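Peer 1: Following this message is one structure expressed as structure tokens.
The values are calculated or read from the model by the stated rules, or taken from the named source; none is laboratory data. A quick note: this is a predicted structure, and the numbers were derived from the prediction, not measured. Neighbour counts are summed over all protein chains in view; Cβ atoms, including those assigned to glycine, are modelled from backbone coordinates with ideal geometry. Note: accessible area is taken over every heavy atom of the protein model, side chains too, but ligands, DNA and RNA are not part of it. Shrake-Rupley method; radii C 1.70, N 1.55, O 1.52, S 1.80 Å.
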Amino acid sequence: LDWTPVKDYEDILYHKADGIAKITINRPHKRNAFRPKTIVELYDAFANAREDSRIGVILFTGAGPHTDGKYAFCSGGDQSVRGHAGYVDEAGVPRLNVLDLQRLIRSMPKAIIALVAGYAIGGGHVLHLLCDLTIAADNAVFGQTGPKVGSFDGGFGASYMARIVGQKKAREIWYLCRQYNAQEALDMGLVNTVVPVEQLEAEGIQWAQEILEKSPIAIRCLKAALNADCDGQAGLQELAGNATMLYYMTEEGSEGKQAFLEKRKPDFRKYPWLP
Ligand code: 2NE
């Protein structure tokens, strides 16, 4: 694909090509750990991809390999800027702004595919978990470290993980903080497929192109429906928002608005009460 750069950032790269956006964490010297600025930039790029009606699929990945030859998707929060109440930004404010990014990834009505080469660890592991799909390179390594480094993610990182791998396995992953290879991740349903590392992006593009051939509204409603099963009232809000959007697109829906604007009684009698 002929990737076009969208905007210059410090910590990430952002490209688009033919219906696909590619967002890359670009801190390989830190195994692509995120600081607050990284998250602000990621949020900005994801929000841009959400607004762009030509984009249907987002590939989310990490730059690499680093000069030592090792790959990483993301190694979580940058521990070197962790202060007394979160990850400290350039203004000195401690933040956990990755939670905002998690919600955007979860709720934006487009398919997000994590392409994981090397480490997806800690908060980086939770980010791949939240993507709709994950394609792992054969060198991928998955795991949580929270209880080892004095942290934990009790939100999506715990409950959604348990939905994916089951309660026993989720407790093992969090309590023991072990690392799992790509095949182990595939066996527990953490990832969708495993490919040789040099094939990772091509495989992601192939999956993206298959999705792009499908109906955007069908994919959008399915994402909201699958989220709604786990996400309580926020999940219902997303799903119901799609129902409202589709209702607005009907003649029946617009009759109510037209009648109000024309200062007349709406004529809903002409519409059927379908079985
Ligand atoms: C990722 C891992 C296992 C890789 O190990 P290895 O041996 O391949 O690399 P190494 O030497 O540890 O790392 C290479 C360089 O990257 C830095 C290291 O400090 C090292 O720097 P230099 O010594 O070369 O200067 N680096 C790697 N990860 C970093 C990080 N997260 N923050 C800052 N610098 C990092 C190994 O590096 C590892 O275990 N990393 C730490 C993983 C971790 O504990 N992440 C935080 C979990 S908590 C979290 O993410 C979180 C949360 O729990 C809740 C909310 C939000 C976030």
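Peer 1: Just one of 121, 173, 217 is more than 15 Å from the ligand (Cβ to nearest atom) and either under 19 Å from the mean Cα position of the chain (by Cα) or modelled with pLDDT of 95 or more (or both); which is it?
Peer 2: None of the other options fit; the residue is 217.
Peer 1: Now for a different question. If you check residue 140 against the conditions, is it under 21 Å from residue 30 (Cα atoms), more than 11 Å from the ligand (Cβ to nearest atom) and buried (at least 16 other Cβ atoms within 10 Å of the Cβ)?
Peer 2: yes
Peer 1: In addition: Residues in the range 84-106 that are open to solvent by less than 40 Å² (accessible area, probe 1.4 Å) and closer than 23 Å to residue 158 by Cα: how many?
Peer 2: Total satisfying the criteria: 9.
Peer 1: Considering 165, 116, 81, 149, which residue is within 19 Å of the chain's Cα centre (by Cα) and touching a residue at least 40 places away in the same chain (Cβ under 8 Å)?
Peer 2: After applying the criteria, what remains is 116.
Peer 1: If you take the residues in the range 65-77 that are buried (at least 21 other Cβ atoms within 10 Å of the Cβ) and not hydrophobic (A, V, I, L, M, F, W, C), which one is farthest from the chain's Cα centre (by Cα)?
Peer 2: Within the range 65-77, the match that is farthest from the chain's Cα centre (by Cα) is 71.
Peer 1: Quick check on the range 155-172. Is at least one of its residues among the basic types (Lys, Arg) and within 16 Å of residue 112 (Cα to Cα)?
Peer 2: Within the range 155-172, not a single residue is among the basic types (Lys, Arg) and within 16 Å of residue 112 (Cα to Cα).
Peer 1: Quick check on the range 93-110. Is at least one of its residues more than 25 Å from residue 163 (Cβ to Cβ) and away from the ligand (no atom under 16 Å from the Cβ)?
Peer 2: Checked against the condition, which is being more than 25 Å from residue 163 (Cβ to Cβ) and away from the ligand (no atom under 16 Å from the Cβ), the range 93-110 yields no hits at all.
Peer 1: Give me a count of the residues in the range 233-256 that are out of contact with any helix residue (DSSP H, G or I) (no Cβ under 8 Å at 6 or more places or on another chain), open to solvent by 40 Å² or more (accessible area, probe 1.4 Å) and more than 18 Å from residue 110 (Cβ to Cβ).
Peer 2: Residues that pass the stated criteria total 8.
Peer 1: Could you tell me whether residue 110 is of a type in the set (Lys, Arg) and crowded, with 16+ Cβ neighbours inside 10 Å?
Peer 2: yes
Peer 1: For the structure I just gave you, tell me whether residue 62 is of a type in the set (Gly, Ala, Ser), within 16 Å of the ligand (Cβ to nearest atom) and without any contact (Cβ under 8 Å) to a residue 40 or more places away in the chain.
Peer 2: Spelling it out, it is not the case that residue 62 is of a type in the set (Gly, Ala, Ser), within 16 Å of the ligand (Cβ to nearest atom) and without any contact (Cβ under 8 Å) to a residue 40 or more places away in the chain.
Residues are listed down the side, and each one gets a yes or a no for (1) at pLDDT 95 or above; (2) in contact with a Leu (Cβ under 6 Å, 6 or more places away or on another chain); (3) more than 23 Å from residue 132 (Cα to Cα):
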position: 16; (1), (2), (3): yes, no, no
position: 19; (1), (2), (3): yes, yes, no
position: 24; (1), (2), (3): yes, yes, no
position: 28; (1), (2), (3): yes, no, yes
position: 38; (1), (2), (3): yes, no, no
position: 46; (1), (2), (3): yes, yes, no
position: 52; (1), (2), (3): yes, no, no
position: 64; (1), (2), (3): yes, no, no
position: 107; (1), (2), (3): yes, no, no
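Peer 1: Working carefully through the options 64, 69, find the one that is farther than 16 Å from residue 34 by Cα and assigned to a loop (DSSP other than H, G, I, E, B).
Peer 2: From the options 64, 69, the qualifying one is 69.
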